[in-house]
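Read the structure below first, then the notes.
Here, each number is a calculation from the coordinates, and none is a lab measurement. Just so we're clear, the structure is a prediction, and the values are computed from it rather than from any experiment. Using ideal geometry, Cβ is built from the backbone for each residue, glycine included, and neighbour counts are taken over all protein chains shown.
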Amino acid sequence: MQITRQADYALRAMLFLARLDPHQRAATSDIAKIQHIPPSFLAKIISQLSIAGLIQTSRGARGGVAMARSPEKISLLEVVEAIDGPIALNECTGPVAACQFGDDCPLRPIWCETQAELVNKLKVTNFSQFVKISR
């Protein structure tokens, strides 16, 4: 399993926004330049994050992009799932019926446990933790 490049860019964009002063907005061109994200790719990401309610966008002279909530209230999991959907290491971690071996599969428990640990780690990690590290 690999987090997509789009989700990685979304995380980097959110980290950029988390480092701003409260109520400050950023131009998407600044985010793209500083985070090395292709502008056209960032536009799609911004749209998805806005639909998910993670950022607010506004146009005009005082427009730009800002986090919809404070950095400590947005988890990495929310951002990844807004872009990539629910995390799934493989089809075995879904319903038992999805696996041809079902409950008899000796690997299913380890896949499910590993996925749960990853999801939990992303869920409890918020953007304020990175802002403190980077300052």
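Add +1 for every Lys or Arg and -1 for every Asp or Glu among the other residues with Cβ under 11 Å from the Cβ of GLN56, and state the total. Could the numbers behind the result be given before it?
On the way: positive: ARG25, ARG69; negative: none.
Around GLN56, the charge tally is +2.
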Original post:
FRET efficiency for LEU20 and VAL124, Cβ-Cβ distance as r, R0 = 25 Å, nearest 0.05?
Top reply: 0.60
Original post:
Mind checking the dipole of the chain: about its Cα centre, +1 per Lys or Arg Cβ, -1 per Asp or Glu Cβ, Debye to the nearest 20?
Top reply: 900
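Let me check I have the definition right: for segment 10-73, take the eigenvalues of the Cα gyration tensor, multiply each by 5, take square roots. What are those semi-axes in whole Å, largest first?
Numbers: eigenvalues 48, 33, 30 Å².
Whole-Å semi-axes of the equivalent ellipsoid: 16, 13, 12.
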Original post:
Using alpha-carbon pairs under 8 Å, 6+ residues apart, how would you state the relative contact order of the chain in percent?
Top reply: 29
**OP:** Identify, among SER128, GLN24, ALA66, the residue whose Cα sits farthest towards the positive end of the charge dipole of segment 5-134, taking +1 on the Cβ of Lys and Arg and -1 on the Cβ of Asp and Glu, with the dipole about the Cα centre.
**Re:** GLN24
**OP:** Pick out, from LEU118, SER50, ALA82, the residue whose Cα sits farthest towards the positive end of the charge dipole of the chain, with +1 on the Cβ of Lys and Arg and -1 on the Cβ of Asp and Glu.
**Re:** SER50
Original post:
Say R0 is 41 Å: what FRET efficiency, to the nearest 0.05, do GLN2 and ALA61 get from their beta-carbon distance?
Top reply: 0.55
Original post:
So if R0 is 25 Å, what FRET efficiency would VAL131 and ALA98 give, r being the distance between their Cβ atoms, rounded to the nearest 0.05?
Top reply: 0.05
Original post:
If the label point is 7 Å along Cα→Cβ of LEU89, which residues in segment 1-38 have backbone nitrogen under 16 Å from it?
Top reply: 1-3
**OP:** List, largest first, the extents of the alpha carbons of segment 5-134 along their principal axes, each in whole Å.
**Re:** 61, 30, 23
Original post:
For the peptides 114-120, 101-107, 26-32, what is the packing order when you average, over each peptide's residues, the other Cβ atoms within 10 Å and list the highest mean first?
Top reply: 26-32, 114-120, 101-107
